[in-house]
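K.L.:
Sending over a structure as structure tokens; questions will come in a sec.
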Amino acid sequence: MTKIIKTQVAIVGAGPSGLLLGQLLSKAGIDNVIIERQAQEYVLARIRAGVLEQGTVDLLNEAGVSTRLYKEGLIHHGFDIAFNQIQLHIDLEKLTNGKHVTVYGQTEVTKDLTQARINANLPIFYSAEDVQVTDVLSPSPKVSFTLAGQSYQIESDYIAGCDGYHGVCRASIPRSSIQEFERVYPFGWLGILSDTPPVQEELIYGNHPDGFYLCSMRSHTRSRYYLQCTLDDDIKNWSDERFWDNLQSRLPLPLANQLVRGPSIEKSIAPLRSFVAEPLKYGQLFLAGDAGHIVPPTGAKGLNLAASDVFYLSKALKAKYLDHDTMLIDDYSSTALKRIWKAERFSWWLTNMLHHFPEKSSFDQRIQQAEFDYLCSSEQAQKALAENYVGLPY
Ligand code: RFL
Ligand code: PHB
């Protein structure tokens with residue numbers, strides 16, 4: 001016998017978008033159920049983004065999950081861009097009239113949101129198998145799944161597709177009703193996490209003839225480093241020693257000498273992609289976060305865009321349930337897409353400036369160098385970079 005559960009909003013996916021949406025809706029008294037394909041331990045162990053815009057921090061605060069974030073998050077007032085031996089400091093504070101970003105891992109954001117949901121005893125189904133989304137053009141769309149041999153059907157008013165790039169929600173929209181825009185880059189990022197002090201206090205994004213690198217962190221004692229790698233590369237090819245040797249050889253000299261090596265505690269390869277689906281609403285189904293768009297991680301925008309989608313979607317659902325006003329629901333897709341495309345542009349631009357493109361000509365390399373030289377010489381150009389990096393307004 002299928003168990004039927006009724007709710008107002010069924011949320012597919014317990015990543016940051018699904019959990020944050022659930023938390024904000026519950027705070028407003030809107031009933032919701034989360035369905036997640038993976039086990040809880042798996043979701044909580046994923047290592048991903050690390051830089052939060054102020055808008056994301058404010059939203060997490062509104063959701064009531066900011067205690068640890070305020071205590072442990074590192075405020076960063078700037079970062080560096082390095083081209084070979086030249087290091088340009090981007091003073092975010094000065095260039096944006098006092099704005100900054102917060103370094104706090106997505107893993108911690110997910111932990112805080114999950115804990116809040118469990119503490120409030122709100123429904124969340126982990127390890128759901130064969131998740132399917134149906135009847136989205138009817139007033140009562142459904143999410144069905146099986147769990148430990150039991151079949152379930154969630155009957156709702158709306159479904160929020162927060163199930164990431166490989167999820168089931170976007171895939172359930174007929175091809176004729178959705179348009180997809182995509183750019184795949186001819187490289188990936190190899191990332192490692194290590195319990196070693198970061199090479200410097202602020203992040204460094206670097207362009208080197210051997211490829212891009214990024215020096216980031218999770219705390220004063222935990223570093224996160226990335227190297228550009230080929231798409232067909234395998235982490236088995238990358239011993240810790242090979243990783244450290246490569247990173248050291250790409251860093252500007254004074255920093256290379258300061259690099260502290262140590263055993264990796266996580267190592268993974270991620271492909272780089274730009275992707276947008278339009279529209280982000282089909283009948284009673286909404287797409288939010290990676291389910292609707294992907295950016296290459298160069299601009300640190302993936303998680304922050306997921307948060308801004310959730311901002312627009314939670315406002316729209318609150319207006320519908322609390323004020324009986326559906327205008328924001330009708331406008332969700334176009335409102336969210338405006339900000340998404342600007343973040344797509346920024347992430348694409350920074351990716352182009354900082355990576356080694358194997359197929360590009362010597363002309364393209366000179367243009368890349370000119371882009372960096374222009375940035376070094378123009379405060380206006382630095383302002384545009386800083387404005388985008390701290391996050392465009394909602
Ligand atoms: P998520 O985090 O992918 O969460 C989606 C959740 O949905 C579940 N799911 C399903 N649940 C039920 N039924 C199904 N059929 C389902 N299919 C999938 C998944 O198990 C998962 O729990 O999407 P969300 O919430 O929109 O959050 C977006 C962010 O995670 C993402 O934008 C960023 O992490 C992107 N990203 C990075 N962004 C940065 O800004 N900096 C980074 O360093 C960075 N590194 C990364 C990343 C994304 C990666 N991916 C997607 C593989 C590194 C990786 C490896
Ligand atoms: C990270 O710390 O994982 C990180 C930071 C900045 C980025 C991407 C990833 O642009």
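The values are calculated or read from the model by the stated rules, or taken from the named source; none is laboratory data. Just so it is clear, the model here is predicted, and its values are computed rather than measured. All Cβ positions, glycine included, derive from the backbone under ideal geometry; neighbour counts span all protein chains shown. All accessible areas refer to the heavy atoms of the entire protein, side chains included, with ligands and DNA or RNA removed. Shrake-Rupley method; radii C 1.70, N 1.55, O 1.52, S 1.80 Å.
K.L.:
Please report, to one decimal in angstroms, the Kirkwood hydrodynamic radius of the stretch 142-274 built from all distinct Cα-Cα pairs.
P.N.:
On the way: mean 1/r = 0.0556 Å⁻¹.
Here the Kirkwood hydrodynamic radius works out to 18.0 Å.
K.L.:
Once the dipole of the chain is set up with Lys and Arg at +1 and Asp and Glu at -1 on Cβ about the Cα centre, which of ILE35, TYR321, ALA63 lies farthest towards its positive end?
P.N.:
Of the options given, the answer is TYR321.
K.L.:
If you don't mind, there's one more thing I want to ask. Taking the Cα centre of the chain as origin, work out the dipole magnitude from +1 charges on Lys and Arg Cβ and -1 charges on Asp and Glu Cβ, in debye rounded to 20. Could the numbers behind the result be given before it?
P.N.:
Values: 37 positive and 45 negative charges, 75 e Å.
Rounded to the nearest 20 debye, it is 360 debye.
K.L.:
What's the angle, to the nearest 10 degrees (0 to 90), between helix 362-377's Cα axis and the longest principal axis of the chain?
P.N.:
That works out to roughly 90 degrees.
K.L.:
Taking only protein heavy atoms into account and a 1.4 Å probe, give the accessible area per residue of the chain in Å². If you can, show how the numbers build up before the last one.
P.N.:
Numbers: 17010 Å² over 394 residues.
Ligands and nucleic acids excluded, the figure is 43 Å² per residue.
K.L.:
Moving to a separate point now. Using only the alpha carbons of the chain, determine the length spanned along each of the three principal axes and report them from longest to shortest in whole angstroms.
P.N.:
Its Cα atoms span 65, 41, 41 Å along the three principal axes.
K.L.:
Additional query: Quick one: dipole size for the stretch 1-96, taken about the Cα centre, charges +1 on Lys/Arg Cβ and -1 on Asp/Glu Cβ, in debye to the nearest 20. Don't skip to the answer; put the middle values down first.
P.N.:
On the way: 9 positive and 10 negative charges, 98 e Å.
That gives a dipole near 460 debye.
K.L.:
If eta is 0.692 mPa s and T is 37 °C, what Stokes-Einstein diffusion coefficient results for the stretch 288-332, Kirkwood Rh from Cα pairs, in µm²/s? Provide the component values of the computation, followed by the final result.
P.N.:
On the way: Rh = 11.3 Å.
Estimated diffusion coefficient is 291 µm²/s.
K.L.:
In the stretch 107-237, what percent of the accessible surface is made up of carbon and sulfur (1.4 Å probe, ligands and nucleic acids excluded)?
P.N.:
Values: 2810 of 5730 Å².
That share works out to 49 percent.
K.L.:
Quick one: angle between helix 302-323 and the longest Cα principal axis of the chain, in degrees between 0 and 90, rounded to 10, please.
P.N.:
30
K.L.:
Within 10 Å, count the other beta carbons around each residue, average over each peptide in 43-53, 151-161, and list them highest first.
P.N.:
Numbers: 43-53: 19.8, 151-161: 22.3.
Sorting 43-53, 151-161 by mean packing, highest first, produces 151-161, 43-53.
K.L.:
Further, regarding this structure: Please list, in chain and number order, the residues 5+ apart from MET217 or on another chain whose amide H is under 5 Å from its amide H, with Hs placed from the backbone.
P.N.:
For MET217, the qualifying residues are ARG224.
K.L.:
Stick to the Cα atoms of the stretch 106-146, pair each with every other, and give me the Kirkwood hydrodynamic radius in Å at one decimal.
P.N.:
Working: mean 1/r = 0.0803 Å⁻¹.
After inverting the mean inverse Cα-Cα distance, the result is 12.5 Å.
K.L.:
Assuming 0.890 mPa s and 25 °C, estimate D for the stretch 250-388 with Stokes-Einstein, Rh taken as the Kirkwood radius over Cα pairs, in µm²/s. Numbers along the way, then the final one.
P.N.:
Values: Rh = 18.1 Å.
The estimated diffusion coefficient comes to 135 µm²/s.
K.L.:
R0 = 45 Å: FRET efficiency of ASN237 with THR146, Cβ-based, nearest 0.05? Walk me through the intermediate numbers first.
P.N.:
On the way: r = 39 Å, r/R0 = 0.86.
After rounding, the FRET efficiency stands at 0.70.
K.L.:
Here's another thing I want to ask about it. Percent of Cα-Cα pairs more than 15 Å apart in the stretch 65-124, please.
P.N.:
Details: 1133 of 1770 pairs.
When every Cα pair of the stretch 65-124 is considered, 64 percent fall beyond 15 Å.
K.L.:
Still on this structure, I have one more. With angles folded into 0 to 90 degrees, how steeply does helix 327-354 sit against the dominant principal axis of the chain? Use alpha carbons for both and round to 10.
P.N.:
It is inclined by approximately 20 degrees.
K.L.:
I'd like the carbon and sulfur percentage of the solvent accessible area for the stretch 267-368, probe radius 1.4 Å, heavy atoms only, ligands and nucleic acids excluded. Mind showing how you got there, number by number?
P.N.:
Details: 2320 of 3990 Å².
Exposed carbon and sulfur together represent 58 percent of the surface.
K.L.:
How large, in Å, is the stretch 120-191 by the Kirkwood hydrodynamic radius built from its alpha-carbon pairs? Please report the intermediate quantities before stating the final value.
P.N.:
Working: mean 1/r = 0.0675 Å⁻¹.
When all Cα pairs of the stretch 120-191 are included, the Kirkwood radius is 14.8 Å.
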